[in-house]
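Contents: one structure, followed by commentary.
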Amino acid sequence: NAGVMQNPRHLVRRRGQEARLRCSPMKGHSHVYWYRQLPEEGLKFMVYLQKENIIDESGMPKERFSAEFPKEGPSILRIQQVVRGDSAAYFCASSPAGGAGGDVTQYFGPGTRLTVL
Amino acid sequence: AQTVTQSQPEMSVQEAETVTLSCTYDTSESNYYLFWYKQPPSRQMILVIRQEAYKQQNATENRFSVNFQKAAKSFSLKISDSQLGDTAMYFCAFMKFGANSKLTFGKGITLSVRP
């Protein structure tokens, strides 16, 4: 069973460009989470999605950031008009169940390192 | 809101010895999960161990075990027989039971295992 896949692993963008980060959850997992890690910091929650639904986006900036998890295909985290402060590692995690029982463990992808020039 | 505190930024241990990493948390929830994740230089986040708050027995995974003190809101990780491959950042994380299953992480601790 392949793990959580993220691509690209490294992404360089100039200020004002768009960044698209992709995440394919583990097979059988329908819950996807995005986290951001700034240098020397822990991971900070951004958004939680299930297929075609955003469950919790309380950690995502109101502007320029959006996320989706379509019925078919990977989850996408999109950052429009990137700024230098968006430079960070973005991690995706998936789990087979949400937080109300079952296996709630989140398994992480390798992350995407975004650098904004 | 939940908070997770890892007050030790760095620790060092001799290979084959035992080390304990501290973590405290603050919550008003009675049912929740606690995790330790490891992040080696490759930056991959790897699950080390998980504890359900309703279980009194401390979780154990091979050389890794936890000391879970619910009343004190403490969740420390003990690594026995430390190996060079244990060198990494270790993050403690909290998840409340229920529909919103996001993880709240501490700032992490850098563990170095000396040969």
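The values are calculated or read from the model by the stated rules, or taken from the named source; none is laboratory data. Please read these numbers as outputs of a predicted model, since none were measured by experiment. Note: ideal-geometry Cβ built from the backbone for every residue, glycine included; neighbour counts use all protein chains shown. Ligands, DNA and RNA are excluded from the accessible area calculation, which covers all protein heavy atoms including side chains. Shrake-Rupley method; radii C 1.70, N 1.55, O 1.52, S 1.80 Å.
Please verify whether residue B:60 is over 15 Å from residue A:105 (Cβ atoms), touching a residue at least 24 places away in the same chain (Cβ under 8 Å) and open to solvent by 60 Å² or more (accessible area, probe 1.4 Å), treating the condition exactly as stated. Before the answer, list the steps.
Working: over 15 Å from residue A:105 (Cβ atoms): yes; touching a residue at least 24 places away in the same chain (Cβ under 8 Å): no; open to solvent by 60 Å² or more (accessible area, probe 1.4 Å): yes.
Judged against the criteria, residue B:60 is not a match.
Return the total of residues in the stretch B:97-110 being crowded, with 20+ Cβ neighbours inside 10 Å, closer than 16 Å to residue B:75 by Cβ and not β-branched (Val, Ile, Thr). Final tally of qualifying residues: 4.
Residue by residue, here is whether (1) modelled with pLDDT of 95 or more; (2) in contact with a Lys or Arg (Cβ under 8 Å, 6 or more places away or on another chain); (3) more than 22 Å from residue A:111 (Cβ to Cβ) holds:
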position: B:3; (1), (2), (3): no, no, yes
position: B:20; (1), (2), (3): yes, yes, yes
position: B:24; (1), (2), (3): yes, yes, yes
position: B:40; (1), (2), (3): no, no, no
position: B:53; (1), (2), (3): no, yes, yes
position: B:79; (1), (2), (3): yes, yes, yes
position: B:87; (1), (2), (3): yes, no, no
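Please tell me if residue A:35 is within 14 Å of chain B (Cβ to nearest Cβ), within 20 Å of residue B:107 (Cα to Cα), surrounded by 14 or more Cβ atoms within 10 Å (Cβ to Cβ) and of a type outside the set (S, T, N, Q). Answer is yes for this residue. Restricted to the stretch B:57-109, and to residues there that are closer than 22 Å to residue A:97 by Cβ and of a type in the set (D, E, K, R), the residue that is farthest from the other protein chains (Cβ to nearest Cβ) is B:61. Would you check if there is a residue in the stretch B:25-32 being of a type in the set (D, E, K, R), farther than 28 Å from residue A:94 by Cβ and away from chain A (no Cβ under 14 Å)? No.
Condition check for residue A:44 on (1) crowded, with 18+ Cβ neighbours inside 10 Å; (2) within 12 Å of chain B (Cβ to nearest Cβ); (3) out of contact with any Ser or Thr (no Cβ under 7 Å at 6 or more places or on another chain): one failure, at (1). Based on what the data block shows, is residue A:58 of a type in the set (Gly, Ala, Ser), open to solvent by 40 Å² or more (accessible area, probe 1.4 Å) and either within 9 Å of chain B (Cβ to nearest Cβ) or over 25 Å from residue A:17 (Cβ atoms) (or both)? The answer is yes for residue A:58.
Check every one of the strands (runs of 3 or more DSSP E) wholly within the stretch A:44-117 and list those with 3 or more residues that are modelled with pLDDT of 95 or more and under 24 Å from residue B:34 (Cβ atoms). Even if it seems obvious, please write down each step before you answer.
On the way: elements: A:53-56, A:65-68, A:75-79, A:88-95, A:112-116.
Output list reads A:88-95.
So, in the stretch A:4-43, how many residues would count as being touching a Gly at 6+ places or on another chain (Cβ under 7 Å) and part of a loop (DSSP other than H, G, I, E, B)? Residues in the stretch A:4-43 being touching a Gly at 6+ places or on another chain (Cβ under 7 Å) and part of a loop (DSSP other than H, G, I, E, B): 3 in total.
Taking the options B:15, B:52, B:29, name whichever one is in contact with a helix residue (DSSP H, G or I) (Cβ under 7 Å, 6 or more places away or on another chain) and among the charged types (D, E, K, R).
Details: B:52 fails: in contact with a helix residue (DSSP H, G or I) (Cβ under 7 Å, 6 or more places away or on another chain); B:29 fails: in contact with a helix residue (DSSP H, G or I) (Cβ under 7 Å, 6 or more places away or on another chain).
The unique qualifying residue is B:15.
Among the residues of the stretch A:102-116, those that are surrounded by fewer than 21 Cβ atoms within 10 Å (Cβ to Cβ) and farther than 16 Å from residue B:93 by Cβ comprise A:102, A:110, A:113, A:115, A:116.
Within the stretch B:63-78, track down each residue that is at negative phi and either touching a residue at least 24 places away in the same chain (Cβ under 8 Å) or aromatic (Phe, Trp, Tyr) (or both).
First, pick out the residues of the stretch B:63-78 that are at negative phi: B:63-72, B:74-78.
Selection gives B:64, B:66, B:67, B:68, B:72, B:74, B:75, B:76, B:77, B:78.
Is it the case that some residue within the stretch A:62-73 is over 28 Å from residue A:103 (Cα atoms), touching a strand residue (DSSP E or B) at 6+ places or on another chain (Cβ under 7 Å) and open to solvent by 10 Å² or more (accessible area, probe 1.4 Å)? Yes, some residue in the stretch A:62-73 is over 28 Å from residue A:103 (Cα atoms), touching a strand residue (DSSP E or B) at 6+ places or on another chain (Cβ under 7 Å) and open to solvent by 10 Å² or more (accessible area, probe 1.4 Å).
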